[in-house]
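Since the structure comes first, as C-alpha cells, the remarks are kept for the end.
No value in this document is a laboratory result; all are computed from the given coordinates. On a predicted model such as this, the values are computed, not experimentally measured, just so you know. Every residue, glycine as well, gets a Cβ built from its backbone with ideal geometry; the counts of neighbours run over all protein chains shown.
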Amino acid sequence: MRTMAIGLTAVLALSPLPAWAGESIVLRVEHAMVANDIGDRPAMKLDLTPESRDAFGAFTTKHVGKVVDLKIDGKVVMSPVVREPILGGQLMVSGNFERGELVAIAKRIEAADAQVEAEARDE
C-alpha cells in the first residue's frame, strides 16, 4: 500500500470543529492509475483503503467547493476543486492534464516510499 498524504484532514475531518483552510490528512492508496473521465479526457483515478475512505469522505464533505492541493513528497502536482463529497473510496481528478504527466504521477504514488499530501484551501 502507498501512503498518500493528501492535503486534506483525517483527524480534523472526524472532529466536530469547523473546517478551515490548511487542513491535511494522510491517506493510504491501494492503487493509482490513469483513466478517462466522462468527457473522455485523461484523469487520475485513486482507490483508497477502507480506513482512508472514511476519513476522506468526512474531509471532502467538509470541504466541498474548496481547492485541494495534492502533493507528492512536498511538491504540488495538481489542485482540484472538491465538487461533492467523495464517500466511496474512489476518486477521479480530471482537468487539463496530459496523459504522460498523469502516468508519471501515478507511478510516483505507486512507489512504496511516496509521501502524498493534500491541503484544503479557500479559492
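What Kirkwood hydrodynamic radius, in Å, does segment 71-123 give when the mean of 1/r is taken over all pairs of distinct Cα atoms and then inverted? Let's see the in-between values first.
Numbers: mean 1/r = 0.0796 Å⁻¹.
One decimal place: 12.6 Å for the Kirkwood radius.
Taking 4 °C and 1.567 mPa s as the conditions, I'd like the Stokes-Einstein D for segment 45-100 in µm²/s, using the Kirkwood hydrodynamic radius from alpha carbon pairs.
108 µm²/s
Which order results if E119, E30, E110 are arranged by neighbouring Cβ count within 10 Å, fewest first?
Least to most surrounded, the residues fall as E110, E30, E119.
Between D73 and D47, what FRET efficiency follows from the Cβ-Cβ distance if R0 is 22 Å, with the result rounded to 0.05?
0.60
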